[in-house]
Amino acid sequence: MGNIVDYIHEYGKYTFTQEPLNEADSLVLCQLTYLNYGPFVPGLEKRNVPVSIRSIYDHPDRDRILDDYWYRENNKELFAAAAESKRFGSLKMNFYVNIINIEDETQFSAITYILEDKNVYIAYRGTDATIIGWKEDLNLAFSKPIHSQYLSVEYMDRVAGYIAGNFYAGGHSKGGNLAVYAAMNCSSRTRRKLLHVYNNDGPGFRPEIRQMGNYDAIADRVSKFIPRSSVVGMILEDHSDYEVVESKGVGLLQHNAYSWKIEGQKFVRARNVSNGKMLRDASMNEWILSLSEEEAHAFIDTLYEVISASEASNVFEFSADLKKSTQSVIEAAKGVDKTTRKGIQKTFRSLLDIAVGKFVKKK
């Protein structure tokens, strides 16, 4: 029983022709999207030459792909294992896009992997471990479609139009949300080419967003996986279409894809998931849906400011000193209106419950 790196070491000797794409492969490809492929992989043009993972690994400047992202050492180990394996080393990558626009708070990145059978895997990048990254995840579920979601549809339609075969899609965290959003809002021609969507702990959607798209047309082709202590993946989840996986992490750190346990070619499914957790998630989502769009945006902005008062720059620091974080958040929350303060207290209690690995039943 290991993680995605261990999985490559065990199954990397098999090609995709010998062993078809599975959920563990999907998580490997989704995690690899967090690397910086700008100097190596062609952009979103129809006629270009894709490059293999191995060719980047052999490049003297290969460490440039590790610029500016969390889990640097984990990512370095994962990329090396993938490049040196028979399974992933020969995979070609193409159509790399990385858009960052501070003015409209857009961060969008995607890449396409070409499999041996000429089908492809479209992978969307998620958010990082920063507090502002978690704010972005909240925005995906609280509000109307954001620019990154529109870009995800455009990307899927263009890639599907370029390729001759069919495709898979997926992502981790925000990337999982983008993959599902694109699949249910792409053109009918594109959707006919869709084989499967993998959502790895990505947030859900408000009911009206699902209704605007064609979720029912892809529902039987979507797999969603969340860890026991999921925060991001349980935002606006209706408790009907996901599977819970075991993680080596504690609390908030279970969002880290490297912590997910894999046995054989599958994630290890969790047993005896707490009823308290399900009640807490349902209560939180019921409250989220009671907010108007204006109230939701005001809440998210205020929550971000309040949690930032903890002086933690990422979720690791936030979890590491819960006493300090709690005191700072409580103090900062005193200055907001009563309704927003109650919402912040409810959200923070949920985060705190998860961080310490305890769940409190709703009475």
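The values are calculated or read from the model by the stated rules, or taken from the named source; none is laboratory data. In this text, all values refer to a predicted model and were calculated from it rather than measured experimentally. Here Cβ is always computed from backbone atoms with ideal geometry, including for glycine, and neighbour counts include all displayed protein chains. The accessibility values were calculated without ligands, DNA or RNA, using every heavy atom of the protein model including side chains. Shrake-Rupley method; radii C 1.70, N 1.55, O 1.52, S 1.80 Å.
Please enumerate the residues belonging to the stretch 177-191 that are among the small types (Gly, Ala, Ser) and surrounded by fewer than 24 Cβ atoms within 10 Å (Cβ to Cβ). Listed by number, the residues that qualify are 187, 188.
Residue 201 passes every criterion in (1) over 24 Å from residue 6 (Cα atoms); (2) modelled with pLDDT under 95; (3) surrounded by 19 or more Cβ atoms within 10 Å (Cβ to Cβ) apart from (1).
Among the helices (runs of 4 or more DSSP H) contained in the stretch 125-197, which hold 3 or more residues that are at pLDDT 95 or above?
On the way: elements: 131-142, 147-162, 174-185, 188-191.
Ranges flagged: 147-162, 174-185, 188-191.
Being under 18 Å from residue 117 (Cβ atoms), under 22 Å from the mean Cα position of the chain (by Cα) and not β-branched (Val, Ile, Thr) is true for just one of 67, 25. Which residue is that?
Numbers: 67 fails: under 18 Å from residue 117 (Cβ atoms).
Sole residue among the options that is under 18 Å from residue 117 (Cβ atoms), under 22 Å from the mean Cα position of the chain (by Cα) and not β-branched (Val, Ile, Thr): 25.
Just one residue in the set 237, 208 is open to solvent by 40 Å² or more (accessible area, probe 1.4 Å) and among the acidic types (Asp, Glu); that residue is 208.
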